Every structure is written in structure tokens, then in C-alpha cells.
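The values are calculated or read from the model by the stated rules, or taken from the named source; none is laboratory data. This one's a predicted model, so the numbers in the text were calculated from it and none came from an experiment. With ideal geometry, Cβ positions are generated from the backbone for all residues, glycine too; neighbour counts draw on all protein chains shown. For the accessible areas, the whole protein counts, side chains as well, though only heavy atoms, and no ligand, DNA or RNA atoms are used. Shrake-Rupley method; radii C 1.70, N 1.55, O 1.52, S 1.80 Å.
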Amino acid sequence: MKTYLITGGAGFIGSNFIQYILKKYKDIKIINLDKLTYAGNLENLKLVEDNSYYTFIQGDICNKQLVESIFSNYDIDYVVNFAAESHVDRSILEPEVFVKTNVLGTITLLNAAKKAWELENGFKKGKKYLQVSTDEVYGSLGATGYFTETTPIDSHSPYSSSKASADLMVKAYFDTYKMPINITRCSNNYGPYQFPEKLIPLIINNCLNKKPLPVYGDGMNIRDWLYVEDHCKAIDMVINNGRLGEVYNIGGHNERTNIQIVKTIVKYIHDNVDEKVNENLIKYVEDRKGHDKRYGIDPSKIKKELGWYPETKFEDGIKMTIEWYLHNKQWMNSVTSGDYQKYYEKMYKTK
Ligand code: NAD
Ligand code: DAU
């Protein structure tokens with residue numbers, strides 16, 4: 001029986017991942033360590049909270065004593081580090097917490113894992129630390145080409161720079177100590193349980209409330225969208241079969257301009273929910289500072305080595321996603337109570 005320490009498991013991708021592996025495996029144990037910041041929500045885990053193979057611990061990945069005590073109390077086999085401050089716009093407003101959680105938190109986890117797993121001559125067998133990273137560490141593309149695992153790191157925002165710093169520390173633990181690690185770098189995810197500060201759930205929520213739909217700049221920036229379950233599948237494959245020390249890019253060749261995404265959502269809601277929702281709601285606003293123009297992943301390595309491929313076509317995934325938010329209005333109300341309105345007003349008032 002393998003024991004996973006999953007950090008940030010109450011967030012968007014972490015909660016999808018926990019549900020994915022608990023469905024797939026009958027013989028695993030999960031410890032979910034999450035601070036429950038504004039982005040973490042235990043409602044995301046309602047479907048698994050009574051599962052006897054699942055344990056939740058509220059706490060900070062920067063808390064060395066707490067993290068070490070988890071390694072003492074459980075024989076952890078895999079660490080999957082999702083915990084992070086994850087929103088680019090927030091990193092532009094307040095960069096410090098990104099360095100704390102994303103960089104110092106990562107080192108705290110690496111040190112605790114190293115201490116628990118290191119033998120006199122190498123590491124205990126079957127252990128692995130997986131760092132969940134992002135394509136944003138590679139910077140921005142022009143009109144052509146793709147990010148490969150050998151594309152130089154050239155991050156721009158405080159968020160992506162903190163993720164790049166963390167990646168380099170993880171790499172250092174492999175290069176220096178031969179600690180068993182992998183790094184995955186994925187493109188933009190979408191799907192259930194995504195906090196509505198990110199483009200897709202924000203636009204869905206605003207459509208349902210007939211609020212303006214903020215589009216940064218000219219709306220022509222491009223992101224490479226992947227349904228969250230396909231990301232979960234890739235992480236599972238890398239944990240089990242990824243070659244030690246390797247980086248794997250994850251993406252499904254699914255590029256769209258932001259304005260295409262917004263119009264797709266508007267059309268679906270217009271046709272299926274409320275015909276008063278239409279493109280007149282779109283509001284072009286001031287551009288994001290340092291806005292990366294285009295992301296595009298070359299996933300050949302993970303396809304070739306591990307046989308991964310994305311199963312969900314964007315046309316299906318976006319419908320499933322909109323339908324999920326339509327059927328989970330209570331979830332949306334809950335996560336947008338509290339400080340969400342304050343953030344929203346601060347973020348969008350001057351644009
Ligand atoms: P999220 O913001 O939805 O969730 C982050 C989770 O981490 C939350 O539950 C939060 O409470 C927790 N957390 C934050 N600080 C913590 C701390 N100090 N200690 C413990 N827990 C803490 O993020 P997400 O979108 O699910 O992203 C998860 C990971 O995947 C991140 O590392 C992100 O960089 C990476 N990633 C995200 C995407 C994407 O499109 N969302 C794409 C590629 C990679
Ligand atoms: O590429 C992977 C990254 O994708 C992850 O590492 C990040 O954690 C995740 O947040 C995401 O970053 P982006 O900045 O690409 O995602 P976001 O949803 O914030 O924005 C997507 C695009 O939409 C981006 O070009 C900015 C634009 N945008 C965003 C918002 C919130 C708008 O035009 N209007 C908006 O209101």
C-alpha cells in the first residue's frame with residue numbers, strides 16, 4: 001500500500017487529483033496537507049471526506065515542525081506538491097507570499113522528505129517527490145513553436161518566477177543528492193472546482209450574474225487548455241513510471257485566444273440557459289502587466305515515454321465544465337462569499 005502526501009489538495013487540481021486516484025486505486029492512503037487559503041475549500045472534497053483511506057491535515061507547507069511530524073507519523077512514499085499561490089494577477093499585486101509558499105514551502109517539503117528517505121548510501125526504494133509546475137516558467141512564445149522540456153527558463157511574472165525558483169531547487173536536490181524527483185509542467189487547466197478568479201470560471205460566474213466580462217488587452221493572448229482530469233492522469237503516470245530526475249511537459253495542443261474562450265462560454269449560456277446573455281457583456285479592460293502572449297506545450301516526451309494522451313476534447317470539456325458550474329451554484333456562492341468581492345473590486349475597478 002502506497003502512502004501519498006498531497007499538498008494543496010483542497011485547491012482546484014489537488015482536489016480533482018485526490019478524487020481521481022481514490023477512484024482508480026483501492027490500495028492507497030492519502031494525507032492531504034492544506035493551509036486552506038482563500039483558494040482552498042473543503043467542499044471540493046465532500047465526495048471523499050468519509051473515505052477511510054483519506055486524512056486531512058490543515059497546515060502550512062512552510063511549517064517545518066509540522067511537515068517533519070507528518071513524515072514521522074506516516075511512512076510517506078510519494079509527495080505530490082500542488083500547494084501554491086497560483087494566480088498571476090495576485091502575484092502582481094502582492095508578490096511576497098508567492099516566494100514564501102512557492103519557494104520556501106517547496107524547500108521545506110524537500111528537506112523533510114530527504115531527511116525521512118535518505119540512507120547512508122542513497123535513498124529508500126520506491127520513494128518519489130513530484131513537483132507540480134507550470135508551462136509559465138518557460139516565458140512567452142511568439143506566433144510559432146512550442147515549449148519543450150529543454151526550452152530555457154524565462155519566467156516573467158512574480159508567480160511564474162516563484163514556480164521557476166522552486167523547480168530549480170527540486171532539480172538541485174536531484175543533481176546534488178540524487179533525491180528521487182520529477183517535475184511536471186502543465187498548460188492551463190479547466191474543469192470543476194476552479195476558483196472564479198481564473199478566466200473560465202470567472203466568465204461563467206459573471207455570465208450567470210449578467211456582470212461585465214473583463215477581457216485583458218485585445219483578447220488575442222493565447223493559452224493552451226487542458227481538461228483537469230487529463231492533467232491528473234498525467235501526474236499519476238509520472239509518479240508511477242516517470243524516469244527519476246526528469247521533467248515532463250503536459251498539454252494537449254489545444255490553443256485558443258482568450259476572446260475565443262469568452263465567446264464560446266457566452267454562446268453556450270445564451271443558447272442553453274439565458275438568451276439575455278450575449279456578447280454585449282464583453283468589456284475590454286486594461287491589459288495585465290507583463291502579459292505573456294502565447295503558451296503552447298509540446299507533449300511528445302510524455303506521450304512517447306509514458307503513453308499519455310489527452311482524452312477530453314475541448315468542445316466536450318468546456319460543456320461539461322459549464323454544466324458543472326450550473327449544477328453547483330451553491331459551491332460558487334460559498335467560494336465567492338468572504339473576501340472575494342473585495343478582491344474583485346480591487347482587481348477590476350481601475351480597468
Ligand atoms: P489553487 O490555487 O486552486 O489551489 C492551491 C491550494 O494550495 C489551495 O488549496 C490552498 O489552500 C493551498 N495552499 C496555498 N498555500 C499553502 C501553504 N502555504 N501551505 C499549504 N497549502 C497551501 O491552485 P491550482 O490551480 O489547483 O494549482 C495547483 C498547482 O498546480 C500549483 O502548484 C500550480 O502552480 C500548478 N499549476 C496550475 C495550473 C492551472 O491551470 N491551474 C496549470 C499548471 C500548473
Ligand atoms: O499556464 C499555466 C498557468 O495557467 C498556471 O500555472 C496558473 O496557476 C494558472 O492561473 C493559469 O495562468 P493564466 O494567467 O494563464 O490564467 P488566467 O485564468 O488567470 O488567465 C488566462 C488568460 O485570460 C490570460 O491571458 C489572462 C486572461 N484574462 C484573465 C482573467 C482572470 C482575462 O482576459 N480576463 C480575466 O478576467
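Side notes on the structure shown:
- Computed [θ] at 222 nm, deg cm²/dmol, the chain (DSSP H ≥ 4; -39,500 (n - 2.57); rounded to nearest 500): -12000 deg cm²/dmol
- Glu68/Tyr177 FRET efficiency (R0 22 Å; Cβ-Cβ; nearest 0.05): 0.80
- Label point distance in nm, Lys211-Glu49, each placed 7 Å from Cα along Cα→Cβ: 2.6 nm
- Cα centroid separation, segment 81-122 to segment 302-351 (Å): 24 Å
- Nearest-20 debye value, segment 16-68 charge dipole, Cβ charges on Lys, Arg, Asp, Glu: 200 debye
- Segment 216-274 shape via C-alpha gyration tensor axes, a/c threshold 1.5: oblate
- Probe 1.4 Å, protein heavy atoms only - accessible area per residue of segment 82-236 in square angstrom: 36 Å²
- Angle in degrees between helix 12-24 and the longest Cα principal axis of the chain, rounded to the nearest 10: 60 degrees
- For the chain: Kirkwood Rh in Å [reciprocal of mean 1/r, alpha carbons]: 20.7 Å
- The apolar share of the surface of segment 74-212, taken as the fraction of accessible area on carbon and sulfur atoms (1.4 Å probe, ligands and nucleic acids excluded), comes to 54 percent.
- Options Ser157, Asn206, Gln260, ranked by Cα towards positive dipole end of the chain, top entry (Cβ charges): Ser157
- GNM flexibility winner over the chain from Ser52, Ser165, Ser133 (Cα, springs under 10 Å): Ser52
- Computed from the C-beta positions of Lys24 and Gln330, the FRET efficiency with R₀ = 35 Å rounds to 0.80.
- For segment 120-261, a crude dipole built from +1 on the beta carbon of Lys and Arg and -1 on the beta carbon of Asp and Glu, taken about the Cα centre, is about 420 debye to the nearest 20.
- Size of charge dipole - the chain - debye, nearest 20, with Cβ of Lys, Arg +1 and Asp, Glu -1, no other charges: 140 debye
- Length gained when the stretch His253-Leu119 is fully extended (0.36 nm per residue, less Cα-Cα span): 44.1 nm
- Its Cα gyration tensor gives segment 55-105 an equivalent ellipsoid. The semi-axes, each the square root of 5 times an eigenvalue, are 26, 11, 9 Å from largest down.
- Folded to 0 to 90 degrees: helix 64-73 orientation relative to the chain principal axis, Cα: 60 degrees
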